[in-house]
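Single-structure report; data block below.
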Amino acid sequence: MSEQLATRDGRPTDRLHRLYATWARSGAGLLITGNVMINRDGLVEPRNVILDDDRAPAEFTTWSDTVHAGGAAVWMQINHPGRVATVPFTRRPVAPSATREPVPGYNLRKPRELTATRIQALIRSYARTAELAVAAGFDGVQIHAAHGYLLSQFLSPLANTRDDHYGRDAAGRRRALLDTVAAVRAAIGPRTPISVKLNSTDFQHGGLTATESLDVAIALADAGIDLLEITGGNYAEPAMEGVHHTGREAYFADYAAKVRERTRVPLMLTGGLRTRDTMEHLVRSAAVDVIGIARPMAFVPDYPARILAGEPEPLLPQGPRPIGYRPLDGYLQLAIHNAQFHRIAAGRTPHTHAGIGTVLRALTTMSAAMTSQAVLPPGREPRARNTTPH
């Protein structure tokens, strides 16, 4: 759900506001943003929003005000890519350990192992971004610790081979995440909600297992988070996009049940939820507290309202036939959905299909965004441009 609708220096745009104005009227009670970068030293994709200082408070306040005007609450998802930072915009990615991401395209540069001092500085950056988000009117924050990004890398035995107190064993591997939660809580106070997005498992041999993830979930509950969002997978194994779960809904419901048995932390389940019957069963049975819908809202922006109104579930495009290489299949899914965000942001109707032509157009759009992206340092912002579509 990363929008890629920021300016070159990471500020929200009129197009981003228009996208969220649409979603704010979708029937959803809560919108969680696409990932916002905690500093400009690492991007997940080009044109990511960056919130690492207070140079552009008006654009961020307009973002939250836009959602509130539509009747929804909004939490900012805050993130750092670690070793999956987009190249060539990040000259030297950083990671818990100096090991490359296995997915081609994300392993062109070997990451630099973070020192303990640098880890602590990044934790402070998470807290600073959270503080700025709340000051801009966001109702809460979500710390992204899934899908192979930095805090997810700390949790993975494959990506984190450190032998200090930020590694070595399971307790050490979750320390960076727990320290981040504590720092964010200190920054925004006890009343503002904090969510964490957590992998149920990495779906990789040697990665984060469901057993170890359950221990992380329990530790997060003990740390006092307000909502745990359950997901799974990463760039190498994009389980969050259904590649491991063909023909079924609620990809991670079995893991959610295990968390529910061990803790009462409020749970949000995302991943493959499409039908009213499944959603109602999960909530009425108290298996989860919040239903997360993401990709359907790229093609049917008012999907929640239709579900709540009792209408037949909208049909969604199936996309091109998978080629069998999971990282590429996942990338194509991202490209297709991102292209729809850009259509909505331009005031246009989303496509009703996702065939090969849509894929090619989406890849062209993403390529153009990458070639035009150049994250500017403070004091080098470009002159504001009118982003209203002609």
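The values are calculated or read from the model by the stated rules, or taken from the named source; none is laboratory data. Note that this is a predicted model, so its numbers are computed, not measured. Positions of Cβ are generated from backbone atoms using ideal geometry, with glycine treated the same way; all protein chains shown enter the neighbour counts. Heads up: the accessible areas ignore ligands, DNA and RNA and are worked out on the full protein's heavy atoms, side chains in. Shrake-Rupley method; radii C 1.70, N 1.55, O 1.52, S 1.80 Å.
For segment 162-207, the set of residues classified as of a type in the set (A, V, I, L, M, F, W, C) and open to solvent by less than 20 Å² (accessible area, probe 1.4 Å) consists of A176, L177, V181, V184, I194, V196, L198, listed by residue number. Inside segment 150-161, can you point out the residues that are of a type outside the set (A, V, I, L, M) and either open to solvent by 20 Å² or more (accessible area, probe 1.4 Å) or more than 16 Å from R112 (Cα to Cα) (or both)? Passing the criteria: S152, S156, P157, T161. Within segment 131-149, the presence of at least one residue that is over 17 Å from G207 (Cβ atoms), in a loop (DSSP other than H, G, I, E, B), open to solvent by 40 Å² or more (accessible area, probe 1.4 Å) and not aromatic (F, W, Y) is confirmed. In the set T62, T13, T22, only one residue is at pLDDT 90 or above, farther than 24 Å from L151 by Cβ and either of a type in the set (K, R) or more than 20 Å from the chain's Cα centre (by Cα) (or both); that residue is T62. Residues of segment 208-225 that are β-branched (V, I, T), open to solvent by 40 Å² or more (accessible area, probe 1.4 Å) and not in a loop (DSSP other than H, G, I, E, B): T211 alone.
Can you spot a residue in segment 311-329 that is modelled with pLDDT of 90 or more and open to solvent by 30 Å² or more (accessible area, probe 1.4 Å)? Quick ask: steps written out before the conclusion?
Kept after step one, since they are modelled with pLDDT of 90 or more, are these residues of segment 311-329: 311.
Checking the rest, the ones that are also open to solvent by 30 Å² or more (accessible area, probe 1.4 Å) come to 311.
Among the residues of segment 311-329, at least one is modelled with pLDDT of 90 or more and open to solvent by 30 Å² or more (accessible area, probe 1.4 Å), which makes the answer yes.
Listed by first and then second residue, the pairs with beta-carbon distance under 7 Å, at least 6 apart or on different chains, first residue in segment 290-307 and free of Cβ contacts under 8 Å to residues at least 24 places away in the same chain, second open to solvent by 10 Å² or more (accessible area, probe 1.4 Å), are I291/M279; I291/L282; I291/V283; P296/R274; P296/L316. For segment 160-207, the set of residues classified as hydroxyl-bearing (S, T, Y) and either assigned to a helix (DSSP H, G or I) or modelled with pLDDT of 95 or more (or both) consists of T161, Y166, T180, T192, S195, listed by residue number. Of the residues examined, T99 is one that is in a loop (DSSP other than H, G, I, E, B) and surrounded by fewer than 23 Cβ atoms within 10 Å (Cβ to Cβ). Checked against the criterion of being in contact with a strand residue (DSSP E or B) (Cβ under 9 Å, 6 or more places away or on another chain) and in a loop (DSSP other than H, G, I, E, B), segment 273-282 has at least one qualifying residue. The residue list T192, T180 contains one member that is free of Cβ contacts under 8 Å to residues at least 60 places away in the same chain, of a type in the set (V, I, T) and farther than 14 Å from N79 by Cα, which is T192.
In segment 30-49, is there at least one residue being at pLDDT below 95, aliphatic (A, V, I, L, M), closer than 23 Å to A335 by Cα and open to solvent by less than 40 Å² (accessible area, probe 1.4 Å)? Checking segment 30-49: at least one residue is at pLDDT below 95, aliphatic (A, V, I, L, M), closer than 23 Å to A335 by Cα and open to solvent by less than 40 Å² (accessible area, probe 1.4 Å). Across segment 50-64, what is the number of residues that are acidic (D, E), more than 25 Å from V94 (Cα to Cα) and surrounded by fewer than 17 Cβ atoms within 10 Å (Cβ to Cβ)? Of the residues in segment 50-64, 0 are acidic (D, E), more than 25 Å from V94 (Cα to Cα) and surrounded by fewer than 17 Cβ atoms within 10 Å (Cβ to Cβ).
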